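**Q** Quick one: the structure is below, questions incoming.
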Amino acid sequence: MTPEEYVEAVLDLVERIPPGRVMSYGAVADALAERSGRVSARLVGSIMARHGGGVPWHRVVNAAGRLPPGHEVEARARLRAEGCPLRQSGVDMSAAAWSPEEGM
């Protein structure tokens, strides 16, 4: 998979995250690892920062549920509007984490 194809794969997966649910950067990387040969939460974060404006970027958080840095207020408002379970520190990952296998 070329770097450009990986960007597209990340964005396609983020598009599939249902409203009110989230994935961590690492979970996105893990879900694409077999096809891509890449396993980097940092790379997913970089892709989201550069190319994620057209997808539901607010549904990608860190493993602890913290919201995207610099966009916490907007992400919290969007997630709240979708009915996502939130905590004071971010998303309740035990209730909101989504895996692509759930959508199959």
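The values are calculated or read from the model by the stated rules, or taken from the named source; none is laboratory data. Model, not experiment: these values are computed from the prediction. Please note: Cβ atoms are built from the backbone with ideal geometry, for glycine as well, and neighbour counts cover all protein chains shown. Surface accessibility is based on the protein's heavy atoms, side chains included, excluding ligands, DNA and RNA. Shrake-Rupley method; radii C 1.70, N 1.55, O 1.52, S 1.80 Å.
**Q** In deg cm²/dmol, rounded to 500, what helix-only [θ] at 222 nm does the chain give when every DSSP H run of at least 4 residues adds -39500 (n - 2.57) and the total is split over its residues?
**A** -14500 deg cm²/dmol
**Q** Using modelled amide H (1.01 Å from N, peptide plane; none on Pro or chain starts), what sits under 5 Å from the amide H of ASP92, excluding residues fewer than 5 places away?
**A** LEU86, ARG87
**Q** Would you please give the residues with an amide H less than 5 Å from that of VAL61, counting only those at least 5 places away or on a separate chain, with H modeled from the backbone geometry?
**A** Distant-sequence amide H within range of VAL61: MET23, SER24, TYR25.
**Q** A further question follows. Rounded to whole Å, give me the distance from the Cα center of the stretch 5-59 to that of the stretch 73-104.
**A** For the stretch 5-59 versus the stretch 73-104, the Cα centre distance is 15 Å.
**Q** Ignoring ligands, DNA and RNA, what accessible area per residue does the chain give at 1.4 Å, in Å²?
**A** Roughly 56 Å² per residue, with all protein chains present.
**Q** Further question on the same structure: Which of LEU67, THR2, GLY52 sits farthest toward the positive end of the charge dipole of the chain, with +1 on the Cβ of Lys and Arg and -1 on the Cβ of Asp and Glu?
**A** Result: LEU67, furthest along the dipole toward the positive end.
**Q** Output the relative contact order of the chain, whole-number percent, from Cα pairs under 8 angstrom with separation of 6+ residues.
**A** 33 percent
**Q** Add +1 for every Lys or Arg and -1 for every Asp or Glu among the other residues with Cβ under 13 Å from the Cβ of ARG80, and state the total.
**A** Computed value for this residue: 0.
**Q** What does the accessible area of SER89 come to, in Å² to the nearest 10, when a probe of 1.4 Å is used?
**A** 80 Å²
**Q** Here's a follow-up. Give, in nm to one decimal, the length gained when the segment between GLU15 and GLU82 is fully stretched (0.36 nm per residue of separation minus the Cα-Cα distance).
**A** Full extension of this stretch gives 22.7 nm more.
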